[in-house]
Amino acid sequence: MKKLSILFFTLTILFISCSDDDDNGPNPDPVQSKQASNIFAPQSGGQGTGQEVSGDFTKFDFKTGIVTTSDTEWDIAFRGTTIAVNGGTVTGTTDEPTRNGDAASAIATGTFANITNAEGLTFKQDANASFAIPTGSDNGWYNYNFMTNVISPIPGKVLVFKTRDNRYAKVEILSYYKDAPTTPDPTSDEARYYTFSYVYNPNEGDKNLN
Amino acid sequence: MNRVFWAFLLLKSTLYGQYSTLEKDSDSIATQNLEEVVISATRTERQLSSLPLPVTLISKDQIRNTGRIRLDEILQEQTGIITVADESGFEGVQMQGIGSEYIMILIDGVPLIGRSSGNFDISRLTVGNIKQIEVVKGPSSSLYGSEALGGVINIITEKPKKEKISGNTSYRLGSYTQQDVNLSLKQKIKGFGYTLFANRFSSEGYDLNPNIEGQTVDPFENYTVNGQLHYDFSDKLSVFSSSRFYYQAIDSELFSDGLKYKSNDEEIDWNTHLRFNHKWNENLHTEYEFYFTNYNTSQKLVNEPTGNVLSESDFDQGLARLEIRTNYKFKNGGQLTSGAGYQYEYVDRTSFDQEVDFSSQYIYIQYDTNLIQNLNAIGGVRFDNHSEYSNQLSPKLALRYEVTDNLAAKASFGYGFKAPDFRQLYLDFTNSAVGYTVLGYNVAVEKLNELVQQGQILDVVISEDELQNPLEAENSIGYNVGLTYKSKKWNTEINFFRNDFKNLIDTRIIARKNNGQNVFSYQNFDEVFTTGLELNIQYKPINRFQINAGYQLLYTYDKQKLDMIDQGQIFAREPQTNTTIAIERSDYLGLVNRSRHNANIKFFYDIKSANTNINLRLLYRSKYGLFDTNGNGIIDDYDLPDSFVNAFVTANIAATKNFCKNFDLQIGANNLFDFTDGNIPTQPGIQLFARLNYKF
């Protein structure tokens, strides 16, 4: 094994040193596979209150992997079950952040591991009266169960994002409840806490997500 | 009540004195019972064992000896018949895996109305005055039209036979202060006959979950009254008329957001039925039938101290029908039955803009003959023209071949349909707690535009064209193939069935609201099938002892979901590792509320020397799913355990002793093993009961 990796290392060095000037620069940065936990996405109004949905979105930046309050350095943002992307225009709801990047999203169907590439997907941006990730039960990423009142991420729905600065990432939402309980109880578990796995490719324009 | 009882006794003794001299020993009923005759399968009298269709007959003896008092209780003891609540929470009957909305409930051949989200609550019906219950499985729209998609259940009430006044009165007391009082009278004097029946049933209800405020089943009381008249004008012309009235009241307390509300629920169901029978000659007779029924409910929620009305909802539905039927017997034994009718229905309810009505006309014809010796064939077709949906043509064909004296083979196929109901066409409902809206198909465009104008809509997700074509009737084609074997001690039957449903109506999202919720309307899309087999074995080694065993194997699937699974489009999350995996066919458990296995075994024993009969009935249901919990829209192995009802057995036992000739004392226990499950609110724990019956 050792021998093989030394050989591989040598070959790589050789390959790099032999590459000509047309090559796309340095060795690509490794794809990052991470998990974000308990991202709180509060909202006011909606859900039978008779009032319009409002409140600030919680913004997330794939590059740093953390929640941010920056008006520009964000890729996606959460408010309740709604997810906005930093691309396109405001949809027209109250308190939406201004879109100043070029982010977009697509919903792929498959296991998280099997979505290895962003190639061939149709990316959409937020637009007037329409979020790129459709809102409502069974339209986008979640299902609302009338029997249990539980919001669960639809299994097999993988959200693929183009970030504000043309990187790619895939996201699988695992839970909408605080500390991601296996069997959420809407009467005791706090909702609007996102836990998701994501894979971020820091290389510009590289659609590989594996 | 007391006063009525004494008045009745007085009446009884006078009538008894007057007519006792005219009494004839007319115990001809006994001989008739040997040849079990059913009427529902063909709308003609047919011997049960000769029918080419799967039919279950429940006799008065069985009802009486098992001590069951409501229709749901006796039906759920039959093979392949289950009572279960669907996603709406309302309970109804299921046969061959087909839900209550597709099963027609008839009383003396005319339909009963009054459904909640499509479910007919058959516990509304007392069995105190029933002669027999006939259950025809498989599509029966060729005779009965809409709703008879999965079959029909026809309740045949008792008719007067004797010149001497006869009847019974009984009182039954059971756990949860269940009280059932019956009074029945009947008499036939020459051409004139009457029956009178009254029932009062009440209970204090029960609570399966003391941790939740309020009871699982609230105290209730209900009354059923039925009067019938028969009169022969001549040998050729006779009349039958029946009026039935049912009333139920439930007073309960509800808690919402810490506030206490009083709820008053009232339910009224009444009908009147008039039928003339004209015998033109030996071979030809015609029936003229008029029927009207009304179903009415009201619910009011009032805040206890303030008197504020939280909600009020009313429901008022009516149906009127005129039908003419003719039956002609050919010399070769063939019978031609035909009919034509006009039906008018209306509904007015909260969540409807205004009263809506439907009308329909129909015509049907059926020919029943022996093609060759030992081969009986029934062919029929019905045409329905309806004001709200496209015309329906419902054919049916059934064959029965007698291989030997003991063995016969049957096969049948038929088409069944169910018209879109009032709710699916005219509902305008917004859930005040969650904020979603459901619109009936016919009013969807108009109501959606109103919501748009009110600024409640974020976007409309379908084009208006998609709401242009009328909603289609749900329909199904059913096949039944079976064998029957009958000998002195054995009576066995096996039947394979398959029902292919098309155009099932379900909700879909038509728009999204600003509050994050959806606007739903109805659409035709689901294609499902139910298939399986039913096995019934009756063994009577000696005259006094009988064992009945039954089993139903059932598979029910949504065809689109199966296709999606095959294409690897449906996923689940492994709960331990939280990783997503693709669902396989073997993980898909099928439609909700369907058990793969249902079985029963019943023992009946007569102790002649002690004038006593005893019976024990055991009923088994395998595990079934109630709802999806992992968001993939199907019931699968990865759904949470809470969303399933695990396999269970209920046992019922009853013993009846006859004494002093006219008295019966019955004691028994229903649900002997005290099985309860929080997911089955209609199943109380063990119920002990005792009944005293006096017949005259």
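What follows is calculated from the coordinates using simple rules that are stated; it is not laboratory data. As the structure is a computational prediction, the values presented were derived from the model and not from experiment. Cβ atoms come from the backbone with ideal geometry, glycine included; neighbour counts cover every protein chain shown.
Taken over the range A:139-206, the convex hull of the Cα atoms encloses 99 Å³ per residue. Assuming a ≥ b ≥ c are the square roots of the Cα gyration tensor eigenvalues, decide whether the range B:380-438 counts as rounded (a/c under 1.5), prolate (otherwise, with a/b larger than b/c) or oblate. It comes out oblate by the Cα gyration axes. Using a/c under 1.5 as the rounded threshold, could you call chain B rounded, prolate or oblate? The axes a ≥ b ≥ c are square roots of the C-alpha gyration tensor eigenvalues, and prolate needs a/b larger than b/c, oblate otherwise. Rounded is the answer for chain B, as its axis ratio a/c remains below 1.5. Per residue of peptide A:135-143, the mean number of Cβ atoms on other chains within 10 Å of the residue Cβ is 5. Using a cutoff of 8 angstrom between alpha carbon atoms and counting only pairs six or more residues apart, the relative contact order for chain B works out to 10 percent. Put simply, the amide H of A:Gly46, placed in the peptide plane, has neighbours under 5 Å in A:Gln51, A:Glu52, A:Val53, leaving out anything fewer than 5 places away on its chain. Comparing mean-square fluctuations of A:Ser70, A:Ser130, A:Ser175 from a GNM of chain A with C-alpha springs under 10 Å, the top value falls on A:Ser70. A simple count of charges around B:Gly440, restricted to other residues whose Cβ falls under 12 Å of its Cβ and scoring Lys, Arg +1 and Asp, Glu -1, yields -2. Which angle between 0 and 90 degrees, to the nearest 10, do you get for helix B:2-19 versus the longest principal axis of chain B when only C-alpha atoms count? Rounded to the nearest ten degrees, it is 40. Counts of other chain beta carbons within 10 angstrom of each beta carbon in peptide B:640-646 average 2.
Electrostatic tally near B:Asp500: other residues with Cβ closer than 10 Å to its Cβ, Lys and Arg +1, Asp and Glu -1, net +2.
Per the Kirkwood formula applied to alpha carbons, the range B:493-646 shows a radius of gyration over Rh ratio, Rg over Rh, of 1.15. For the range A:161-172, putting each phi into the Karplus relation 6.51 cos²θ - 1.76 cosθ + 1.60 with θ = phi - 60° gives couplings of 10, 9, 7, 4, 10, 6, 9, 10, 8, 10, 9, 10 Hz, in residue order, rounded to whole numbers and with x for Gly and Pro.
Taking a sphere under 14 Å around the Cβ of B:Pro54 and counting the other residues whose Cβ falls inside, with K and R at +1 and D and E at -1, yields a net charge of +3. Across chain A, the mean sequence separation of Cα contacts (distance under 8 Å, 6 or more residues apart), normalised by length, yields a relative contact order of 22 percent.
Charges were assigned to the Cβ only: +1 to each Lys and Arg, -1 to each Asp and Glu. The resulting dipole of chain B about its Cα centre is roughly 3960 debye.
Express the Stokes-Einstein translational diffusion coefficient of the range B:575-696 in µm² s⁻¹, to the nearest whole number, given a Kirkwood radius over alpha-carbon pairs, 20 °C and a viscosity of 1.002 mPa s. For these conditions, the coefficient is 121 µm²/s. A helix-only calculation puts the protein assembly as shown at -2500 deg cm²/dmol for mean residue ellipticity at 222 nm, using -39500 (n - 2.57) for each DSSP H run of at least four residues, averaged over all residues.
Shape of the range B:137-239 from the C-alpha gyration tensor: oblate (a/c of 1.5 or more and a/b not above b/c, with a ≥ b ≥ c the square roots of its eigenvalues). Ordering B:Ser351, B:Phe383, B:Tyr328 by the projection of their Cα atoms onto the charge dipole of the range B:299-436, which places +1 on the Cβ of Lys and Arg and -1 on the Cβ of Asp and Glu, puts B:Tyr328 at the extreme positive end.
With kT/(6 pi eta Rh) evaluated at 4 °C and eta = 1.567 mPa s, and Rh the Kirkwood radius from Cα pairs, the range B:402-470 diffuses with a coefficient of 82 µm²/s according to Stokes-Einstein. Computed over the Cα atoms of the range B:331-420, the ratio of the radius of gyration to the Kirkwood radius (Rg/Rh) comes to 1.19.
Note on the range B:344-495: Cα-Cα pairs beyond 28 Å make up 48% of the total pair count. Quick note on the protein assembly as shown: its Rg to Rh ratio, both from C-alpha atoms and Rh being the Kirkwood radius, is 1.04.
Reducing the range B:507-555 and the range B:372-407 to their Cα centroids gives an inter-centroid distance of 23 Å.
Once the mean of 1/r is taken over each pair of separate Cα atoms and inverted, the range A:51-210 shows a Kirkwood hydrodynamic radius of 15.9 Å. To test your reading of the geometry: what angle, between 0 and 90 degrees and rounded to tens, separates the Cα axis of helix A:2-18 from the longest principal axis of chain A? Approximately 80 degrees, to the nearest 10.
Peptide A:145-157 has a mean of 6 when you count, residue by residue, the C-beta atoms of other protein chains within 10 Å of its C-beta.
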